[in-house]
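Report on the following structure.
The values are calculated or read from the model by the stated rules, or taken from the named source; none is laboratory data. No experiment lies behind these values; they were computed from the predicted model shown. Methodologically, a virtual Cβ is constructed for each residue, glycine included, from the backbone with ideal geometry; neighbour enumeration extends over all protein chains shown. Remember, those area values only see protein heavy atoms, side chains included, never the ligands or the DNA or RNA. Shrake-Rupley method; radii C 1.70, N 1.55, O 1.52, S 1.80 Å.
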Amino acid sequence: MIPTTELKVGYVLKRFPRFSETFVLNEVLELERRGVDVRIFSLLQPPTEPRHELVASLVSPVTYLPRRDSQKTLKIASGSCAANRCDTDLSTVFGKGFTPFAGLFPGKKPEEIVHLCVQATTVAMLASAHGIKHLHAHFASNATVVALLASRLANIPFSFTAHARDIYHTYIDPETDDLLRQRKINEAAIVVTVSDYNQRHLQGLVDASVKPRIRRLYNGVDLERFHPQPKSNAAEAFVGVGRLVKKKGFTDLIEACRILQRRGRRFHCWIIGDGPERQSLQNQIDAAGLNPIVKLVGPQPQERLVDTMRNALAVVLPCVVSDSGDRDGLPTVLLEAMAMGLPTVSTRVAGIPEIIDHERTGFLSPPNNPARLAEAMEHLLNDPSLRRRFGDASRRKAEREFSLRSNVATLANYFVRSAAGKNFDTKEDGNAYCLRHRG
């Protein structure tokens, strides 16, 4: 087997760095710590947004792949000595169906197809030039399409991590979307997903012979960065963290706060993050008369988030399933809260019941039910000893199941096996190997 210190892996990502995707940054940093040579290929330039301080620690080079407008120069010159040259736009060629990649681009325009093929060709050439032995993508969307095509062109294996929107959101129609997901799984050396819930869903899309290569591997948390700390003050603040999008359920959190306020309870609630629902949420806060009890405090880098959660009595994230089917797979903030010894309150959506043990590490309430959410929050307000008991149990579970070092060690060994040409079609073989080589 190739030792991890001699392993070269290419990461194919939609956009890097991304403020909301700390799990990717932490994963790459841990791979670097283990001696893996990582090269990052980003389909898009990073957005204009804050940066986590940890980005400065990154050693892995980042290559930004050709942009959409670069395809305008891609022409095929044809003709004969006796005739004028004819330039054919490649998007026209692909649009007529002359492509070896049929079935991977449902619903996409010809120019989009060309763009992804150009990006995949770039990744394949650079992977070959740099001796990369395995490609890995995050999210089963365009990044995985590019990794799959580059894998074919460079003749190296690829894998991907499936999260949430990429496997539940309806892009075209459920049948077409699931067929495309099935094709990606069938061609990948291994598929990693972040919860048992996701694993069951994905295994339901493929034949029995392919199911063993779909592995559940929880996102990891840096247990040294996120750890229990003494409270710096006595603020009774609930904290919600995440992009301000519907699936996070922040409208239910605000309504639960309104219920508690009407009961005369004293508390604060800080909602950390940014997104398209910000103005709608602020309007809801204003209409409920919750200023300044409930505040939208904007995004915070990990360094500030640690300080904010230090002063929290609980982290609350009442996730829901959106109209498109999108839902949270395994919210990283809940893992971080548990690592800090905080109780958590969330809902029975997707993989969340795998994180929170109801009435042992926190509370689970039904989604779309602010009254039940308020009840759980009130229990924590009323009982400091309950908060301590939940917090202690949370830290123990984080150490047992959500350690960044342990979980990335397993991922690194998946890459080692794939680069060595080993298959993952027998569950026992792959898991036994990883257990022997964790550390």
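Only Cα pairs under 8 Å and at least 6 apart count here; give the relative contact order of region 246-392 as a rounded whole percent. List each step's numbers first, then the result.
On the way: 223 pairs, mean separation 37.7, N = 147.
Relative contact order comes out at 26 percent.
Quickly work out the R265-to-E49 label distance, labels modelled 7 Å from Cα along the C-beta direction, and quote it in nm with one decimal.
The modelled label-to-label distance comes out at 3.0 nm.
For S280 and R360, compute 0.36 nm times the residue count separating them, minus their Cα-Cα distance, and round to one decimal in nm.
On the way: separation 80, 0.36 × 80 = 28.80 nm, distance 3.41 nm.
That pair, S280 and R360, stretches by 25.4 nm at full extension.
Determine one quarter of the surface area of the Cα convex hull of the chain, which equals its mean projected area, and express it in nm² to one decimal. Provide the component values of the computation, followed by the final result.
Working: hull surface 92.3 nm².
Average of the hull's projected areas for the chain equals 23.1 nm².
If you roll a 1.4 Å probe over the heavy atoms of the protein chains, what accessible area per residue do you get for the chain, in Å²?
Value returned for the chain: 43 Å² of accessible area per residue.
For L180, what accessible surface area do you get with a 1.4 Å probe? Give it in Å², rounded to 10.
Solvent-accessible area, nearest 10 Å²: 30 Å².
What is the local net charge at I156, summed over the other residues whose Cβ is closer than 11 Å to its Cβ (Lys, Arg +1; Asp, Glu -1)?
On the way: positive: K8, K133, R152; negative: none.
Charge balance in the 11 Å sphere: +3.
Given the chain, what percent of its DSSP beta bridges are antiparallel, to the nearest 5?
Taking every DSSP beta bridge with both residues in the chain, the antiparallel ones total about 10 percent.
K231: which aspartates and glutamates have alpha carbons under 12 Å from its alpha carbon, excluding same-chain residues fewer than 8 sequence positions away?
Cα-Cα hits under 12 Å: D307.
Given Cα pairs under 8 Å that are at least 6 residues apart, what percent is the relative contact order of the chain?
On the way: 835 pairs, mean separation 70.3, N = 439.
About 16 percent, as a whole number.
Report, in deg cm²/dmol and to the nearest 500, the calculated mean residue ellipticity at 222 nm for the chain, where each DSSP H run with n ≥ 4 adds -39500 (n - 2.57) and the sum is divided by the residue count.
The per-residue figure over the chain is -12500 deg cm²/dmol.
Convert each backbone phi in region 32-37 into a coupling constant with the Karplus relation 6.51 cos²θ - 1.76 cosθ + 1.60 (shift: θ = phi - 60°), then list the ³J(HN,Hα) values in order as whole Hz, x for Gly and Pro.
4, 4, 7, x, 6, 8
Quick one: which of K184/K246; K14/K108; K14/K133; K184/K397 span more than 24 angstrom between C-alpha atoms?
Working: K184/K246 28 Å; K14/K108 16 Å; K14/K133 20 Å; K184/K397 33 Å.
Violating the 24 Å Cα-Cα cut-off are K184/K246; K184/K397.
So who's got an amide H within less than 5 Å of the one on Y11, skipping anything under 5 residues away but keeping other chains? H placed 1.01 Å off N, in plane.
Result for Y11 returns R39, I40, F41, H136.
Can you figure out the FRET efficiency of R310 with A287, using R₀ = 35 Å and their beta-carbon distance, to the nearest 0.05? Walk me through the intermediate numbers first.
Values: r = 31 Å, r/R0 = 0.89.
The calculated FRET efficiency here is 0.65.
What does the charge count around P301 come to, taking other residues whose C-beta lies under 11 Å from its C-beta (Lys +1, Arg +1, Asp -1, Glu -1)? Can you show the working numbers first?
Numbers: positive: R51, R304; negative: E49, E53, E303, D307.
Charge balance near P301 sits at -2.
What FRET efficiency comes out for R152 versus R225 if R0 is 41 angstrom and r is the Cβ-Cβ distance? Round to the nearest 0.05. Write out the running numbers ahead of the final one.
Working: r = 39 Å, r/R0 = 0.94.
FRET efficiency, R152 to R225: 0.60.
Could you tell me what percent of the accessible area of the chain is made up of carbon and sulfur, with a 1.4 Å probe and every protein chain present?
Details: 9200 of 19050 Å².
C and S fraction of accessible area: 48 percent.
Using a 1.4 angstrom probe on the protein heavy atoms only, could you order L126, L13 from most to least accessible area? List each step's numbers first, then the result.
Working: L126 50, L13 10 Å².
Per-residue accessible area, sorted high to low, gives L126, L13.
Answer rounded, prolate or oblate for region 353-412, using the Cα gyration tensor with square roots of eigenvalues a ≥ b ≥ c: rounded when a/c is under 1.5, else prolate when a/b is larger than b/c, else oblate. Show your work: numbers first, answer last.
Numbers: a/c = 4.20, a/b = 1.81, b/c = 2.32.
It is oblate, given that a/c is not under 1.5 and a/b is not larger than b/c.
Using only Cα atoms, find the angle between the long axis of helix 427-436 and the longest principal axis of the chain, and express it within 0 to 90 degrees, rounded to the nearest 10.
Around 70 degrees separate the two axes.
Hey, what angle do you get for helix 174-187 against the long axis of the chain, alpha-carbon based, 0 to 90 degrees rounded to 10?
70 degrees
Of P174, A208, T193, whose Cα points farthest to the positive end of the dipole of region 159-210 (charges on the beta-carbon: +1 Lys, Arg; -1 Asp, Glu; origin at the Cα centre)?
T193
Can you list the HN-Hα couplings for region 46-55, worked out from phi with the Karplus curve (6.51, -1.76, 1.60; θ = phi - 60°), rounded to whole Hz and with x for Gly and Pro?
After applying 6.51 cos²θ - 1.76 cosθ + 1.60, I find x, x, 7, 7, x, 10, 6, 4, 5, 4 Hz.
Pull out a ≥ b ≥ c, the square roots of the eigenvalues of the alpha-carbon gyration tensor of region 111-172, then state rounded if a/c is under 1.5, prolate if not and a/b is larger than b/c, and oblate in the remaining case.
Numbers: a/c = 3.22, a/b = 1.52, b/c = 2.12.
It comes out oblate by the Cα gyration axes.
Is region 307-424 rounded, prolate or oblate when judged by the Cα gyration tensor, a ≥ b ≥ c being the square roots of its eigenvalues, rounded requiring a/c under 1.5 and prolate requiring a/b larger than b/c? Each step should come with its number before you reach the end.
Values: a/c = 2.95, a/b = 1.60, b/c = 1.85.
Oblate.
To the nearest 10 degrees, how steeply does helix 404-419 sit against the main Cα axis of the chain, on a 0 to 90 scale?
20 degrees
Using 7 Å Cα-to-Cβ label points, what is the A420/K109 separation (nm, one decimal)?
For the pair A420/K109, the computed spacing is 4.7 nm.
Between region 364-429 and region 138-194, what's the alpha-carbon centroid distance in Å?
24 Å
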